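The values are calculated or read from the model by the stated rules, or taken from the named source; none is laboratory data. Note that the coordinates shown come from a computational prediction; the quantities given were computed from them, not determined experimentally. Ideal geometry is used to build each Cβ from the backbone, glycine not excepted, and the neighbour counts take in all protein chains shown. Just so you know, the surface numbers come from the protein's heavy atoms only, side chains and all, with ligands and any DNA or RNA stripped out. Shrake-Rupley method; radii C 1.70, N 1.55, O 1.52, S 1.80 Å.
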Amino acid sequence: EGDVAQLHLHLSGAQSLSANFVQQVRDTDGNLLQESKGTIALKRPNNIRWESLEPFRYLLVSNGQTVWRYDADLEQLNTEEFNSLMSQTPAMIIGASIDELAADYSVTVVKSDNSREFILIPKQQGAFLEMRLLFSMGKFTGMRLVDTLEQTTQIDFIKPKYNIEFDEKTFEFNQENEAAAR
Amino acid sequence: CATPLKPALDSESETWQLQGKIGLWFNDKQESATIDWSQCNANKTRIRLSGPLGTGAIELSADQSGATLLQGGETIKADSIEALADRAAWPIPVDALRFWVRGRAQPTEKLDGRVNTNGQLEYLTQLGWQINYRYRTPFHQLPNKIMAESSSSRLTVIISDWYDQPKLCSQ
């Protein structure tokens, strides 16, 4: 319907994105449970580098075929084939193609002067209840997710840059240069 | 919020809360999650695990009337929190871990261990688990990292914050 088309239009303005982010998790009463900071690089569809730096170091990299999840604190590396189930995790959703989004979620848009909130509700029982993609003046500025415990995770992009070029190593993971980058 | 240097929390206390991260390795699977564990007394527990990006959140809780698992919008009841942890695909030895994370042995089971000259538990062998401890400084009684290993699995808990008055317990 119209809202999916609107989402398509808005997301097409963010074919690629590079930003810092602040992620805040709040309980149902709004108390801050946890705050983390990191960086995100995104090239649609499904090319993502999501690195949270504090308080915990966690890295998710996807090139659309393989997804690496590296937890530096726990020295735990998960390497999986990219598949549509992957698109259930927030980092992957913002990289998902428009057809995947329309297929997996019902989409409604909330307008208020120059900002738009696209509310995505999973069509089948997912890993979260609701996700909002936030746009201000047509720019993709963040997202807010309500998980199955009704905790809210708000991710705000800081100084985002859009439609930029990345070198191809950005969306590849290899242990040596990751460790070296520390 | 900057936490002032509080006096060392009493590790014997049964009322505490920890926040941090947990990693689990078992039958060639590995999982990690942020963990928020509130303990009000010996019988009142709430453990919340959530994926790094806020998904897959689960809650294990227990009180005198029994244990409850909230996962994927479903509520499951049982008489023990450990049974529910298994069911949630997080087979962690909750009853013993409640003491181990505090740098203590489970009080009634046989044990072997070593305490260093600062009075900190350095390692412990109990209930088929071998646990190693890390502390932020020689003066901290509460660990900031524990690494536990059994014949079938490995468990790491990294604790970023300890609190002594959990909100859960004052509700």
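Odds and ends about this structure:
- Taking chain A as a Gaussian network of alpha-carbon nodes connected by springs under 10 Å, the highest mean-square fluctuation of the residues A:GLU168, A:GLU80, A:GLU130 belongs to A:GLU168.
- Per residue, the accessible area of the protein assembly as shown comes to 47 Å², computed with a 1.4 Å probe over protein heavy atoms only.
- Cα gyration tensor, region A:5-119 - rounded (a/c under 1.5), prolate or oblate: oblate
- Of the whole protein surface, B:ASP79 contributes about 140 Å² of accessible area at a 1.4 Å probe radius.
- Rounded FRET efficiency, nearest 0.05, which uses the C-beta distance separating B:ARG87 from A:ILE98 and R0 of 51 Å: 0.85
- Protein accessible area in region B:16-171, 1.4 Å probe - carbon and sulfur %: 47 percent
- Distance in nm between pseudo-label sites at B:ASP28 and A:ASN114 (7 Å out along the Cβ direction from Cα): 5.6 nm
- Cα-Cα over 29 Å, subset of A:LYS37/B:LYS167; A:LYS161/B:LYS21; A:LYS111/A:LYS169; A:LYS123/B:LYS145; A:LYS37/B:LYS29; A:LYS169/B:LYS145: A:LYS161/B:LYS21; A:LYS111/A:LYS169; A:LYS123/B:LYS145; A:LYS169/B:LYS145
- For the chain pair B and A, the interface hides roughly 2300 square angstrom of accessible area in total, found with a 1.4 Å probe.
- Pairwise label distance in nanometres, A:ILE164 with A:GLN24, each label 7 Å out on the Cα-Cβ vector: 2.5 nm
- Put the Cα centre of region A:5-65 next to the Cα centre of region B:41-108 and the gap is 29 Å.
- Candidates B:GLN71, B:SER170, B:LEU155 compared by Cα position along the dipole of region B:50-171: farthest toward the positive end lies B:LEU155, with charges placed on Cβ.
- Sorting A:MET143, B:MET147, A:MET137 by accessible area puts them as A:MET137, B:MET147, A:MET143; the probe is 1.4 Å, largest comes first, and only protein heavy atoms count.
- If the segment from A:ASN174 to A:ASN83 were pulled out straight at 0.36 nm per residue, it would be longer than the present Cα-Cα gap by 30.7 nm.
- With Cα atoms, 0 to 90° folded angle of helix A:2-12 axis to chain A main axis: 40 degrees
- Sites A:ASP156 and B:LYS110 - FRET efficiency at Förster radius 56 Å, r taken between beta-carbons, to 0.05: 0.60
- Difference of contour (0.36 nm per residue) and Cα-Cα distance, B:THR117 to B:THR75: 10.5 nm
- Placing a pseudo-label 7 Å from each Cα along the Cα-to-Cβ vector at A:LYS37 and B:GLU14 gives an inter-label distance of 4.1 nm.
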